[in-house]
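Right, one structure below, let's go through it.
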Amino acid sequence: MLLIHANIVYSEDRAHLAVYPDSYIAVEQGRVQGIWPVFPEKYKGAPLTDYGDGVLIPAFSDLHVHAPQYLNRGLEMDLLLADWLDRCTFPMEEKFADPEFAKAVYDAFIDDMIANGTMHACVYATIHEEATSYLLERMDRKGIKGFTGKINMDRSASAGLMEDPMDSLQKTDAFLEKYSGNRNMRPLITPRFAPTCSRELIQGLGRLGRKYQTGMQTHLVESRWEAEQARVLFPECSCDTEIYERAGLMENGPVLGAHFIFPSEEDIRILKKYDSYAVHCPDATTNIIAGIMQAGVLLDGGVRIGLGSDVSGGHHIGVYTQAARAVQLSKLKEFYEPEGNRAITFPEAFFMATKQSGPLFGNTGTLEEGAVFDALVIDGLSDAARKLRPEQVIERFCYIGTKENIKARYLNGEAI
Ligand SMILES: [Zn+2]
């Protein structure tokens, strides 16, 4: 068991943080037993870990990240999406045909993700099944909870990444069969996005989704270019999201649509119908996509939104940085387009990065009683001249903190 003294902060709901200064939390068999303002007598004699002024928070969830693009972070950030894919992303992903190269990159990616406090993630791999299996198994062994998938694409990709649709479906079938029983890291169907997938491929993936009761991650209404391409290539669909609904890909498990920058009413209706997630990736939309999600009004409209680092469209693997950036971008959105937009608050951004996303990975993303204890201790951000309140420490961490400010990490109730 664990008995910890710290300041404790988690999301109570979308608008409010629960704050327990100078308190005690007990964890047994990996689950939170409760929080007390004074030492709980029933744990008398149990070893106490005291983090002093440190602030204990739930670990972060990254709902959209590309592991093979890890080496590209912070490079070629002056390109826009189509050019960036052709000149930067696809050439890198081609290298993952070499399993030894893939292992070296994936090891570094996973270690850095954990160091930055992300314990749950929805991860894109490449089209290559051997490298993708390595990624899933390595994350699974580390105890990270999440999803990953072999990317599917059979058009408009570089020659080295272009798949034959039947071959792509066969390999995906084998991947899903092999890992569908996994507990920590599970497989997810991963069509890159509509412009790189034929109708035949999307429909085949729909059949696999039903066969294995597996959900999907894709880039959804990612940019004006992407949404227009989707409508040209699938003229029978009124919007990007309908492509996946018609294929039966929305109804078998969690669905994550990254970016969701320019959704139509129909996109929003379909996403909500299946309790799917829109994933906000503020750095990526600034760097290469050139659009800002209407996070405030989508939240008000009942859309579930999580945050994604989107490495390497985004340049920083820490989801905490994206919580700060989400607030910044929402203020710009409101400033430039005040009609129908509103800025979000810091508690809303923290909610998206933790409690809103946690249920995808079990009972986590919170420190409420019964939750799986995936948690971080944040420290080293106070001023000499005055003490910050616990919630202020967390806000400052998201703006100016680094992984050095994460003093302890817990995953499944164990210190790591
Ligand atoms: Zn992406």
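Bear in mind these aren't lab numbers, they're just calculated from the coordinates by the rules spelled out. Quantities reported herein were computed from a predicted structural model and do not represent experimental measurements. Quick reminder, even Gly has a Cβ in these numbers, built from the backbone with ideal geometry, and neighbours come from all protein chains shown.
Structure notes:
- Cβ-based net charge around M162, under 9 Å, with every Lys or Arg adding one and every Asp or Glu removing one: -2
- Per-residue extension of 0.36 nm, minus the Cα-Cα distance of A415 and K273, leaves a gain of 47.3 nm for this segment.
- Listed residue (N363, A46, F260) projecting farthest to the positive dipole end of the chain, Cβ model: A46
- Crossing angle, helix 224-233 versus the chain [Cα axis fit, 0-90 degrees, rounded to tens]: 40 degrees
- Segment 317-416: C-alpha gyration tensor shape, a/c 1.5 cut-off, then a/b vs b/c: oblate
- Listed from fewest to most Cβ neighbours within 10 Å, the set W36, W225, W84 follows the order W225, W36, W84.
- Farthest toward positive dipole pole in segment 149-307 [+1 Lys/Arg, -1 Asp/Glu at C-beta], among N152, L298, T196: N152
- Taken about its Cα centre, the chain carries a charge dipole of about 780 debye when Lys and Arg each add +1 at the Cβ and Asp and Glu each add -1 at the Cβ.
- Note on segment 33-169: the alpha carbon radius of gyration divided by the globular reference 2.2 N^0.38 Å gives 1.42.
- With 0.36 nm allotted per residue and the present C-alpha distance subtracted, the R87-L71 stretch has 4.3 nm of extension available.
- Relative to the current alpha-carbon distance between D111 and T402, full extension at 0.36 nm per residue lengthens the span by 103.3 nm.
- Estimated distance in nm for a label pair at R199 and K95, the labels positioned 7 Å out from Cα along Cα-to-Cβ: 3.9 nm
- Projecting the Cα atoms of G143, L75, H128 onto the charge dipole of segment 58-177, computed from C-beta unit charges around the Cα centre, puts G143 farthest toward the positive end.
- Shape of the chain, Cα gyration tensor, a/c cut at 1.5: prolate
- Take the Cβ atoms of L48 and L388, set R0 to 25 Å, and the FRET efficiency comes out at 0.55.
- Value of relative contact order over the chain, rounded to a whole percent, pairs C-alpha under 8 Å and six or more apart: 21 percent
- Note that segment 1-112 shows a convex hull volume over its alpha carbon atoms of 180 Å³ per residue.
- Segment 294-308 and segment 317-357: distance between their alpha carbon centers, rounded to Å: 9 Å
- Ranking of D111, D62, D154 by count of other Cβ atoms within 10 Å, fewest first: D111, D154, D62
- Calculated mean residue ellipticity at 222 nm for the chain: -10000 deg cm²/dmol, from DSSP H runs with n ≥ 4 weighted as -39500 (n - 2.57), summed, divided by the residue count and rounded to 500.
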